[in-house]
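The values are calculated or read from the model by the stated rules, or taken from the named source; none is laboratory data. Small disclaimer: the values here were computed from a predicted structure and weren't measured. Positions of Cβ are generated from backbone atoms using ideal geometry, with glycine treated the same way; all protein chains shown enter the neighbour counts.
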Amino acid sequence: MEKITERRSFTIGEEATLTKLISDEDIITFARISGDENPVHLNEEYAKSTLFGGRIAPGMLVAGLISSLLGTVLPGPGSIYLSQQLRFLAPVRPGDHVKARAKVTDWDPDKGLVKLLTEVINQNNVTVITGTAHLVMPSCVKRQE
């Protein structure tokens, strides 16, 4: 079994990315798991009649890539979400390649708190989601004796 080591410090400006192709299977699976069966995600004929002109991925499916990045890369294993603010700026469609990016904007080593600018950008370099995340690294918090 691989030993997972938690990070103990962060640098302001440090950033990381994670990329993913949003597939039709991802959208269908997300709808099944979450119960979000909005026809704009699943029914092409219906979606063509909307302002999007076709199917789009659920926003929370795409935002989930931010969660994956934060939990596995930066701040990484052991981090716990406290809050996430999101603004959805543009649709993501089946077949889009998206890149989540997180950048450390504040780090309080005494409290184990890390704040990050988060965003998701598509293959055309269009920002589709932007926001701010607050996480805690419990392993960094000094224990009271």
Quick one: in the stretch 1-37, of everything that is in a loop (DSSP other than H, G, I, E, B), surrounded by 13 or more Cβ atoms within 10 Å (Cβ to Cβ) and not charged (D, E, K, R), which residue is modelled with the lowest pLDDT?
-> F10
For L117, which of the numbered conditions (1) out of contact with any Lys or Arg (no Cβ under 6 Å at 6 or more places or on another chain); (2) over 17 Å from K20 (Cα atoms); (3) of a type outside the set (S, T, Y) fails to hold?
-> (1)
Output for the stretch 120-144, where each listed residue is crowded, with 19+ Cβ neighbours inside 10 Å, modelled with pLDDT of 95 or more and more than 23 Å from V40 (Cβ to Cβ) = A133, L135
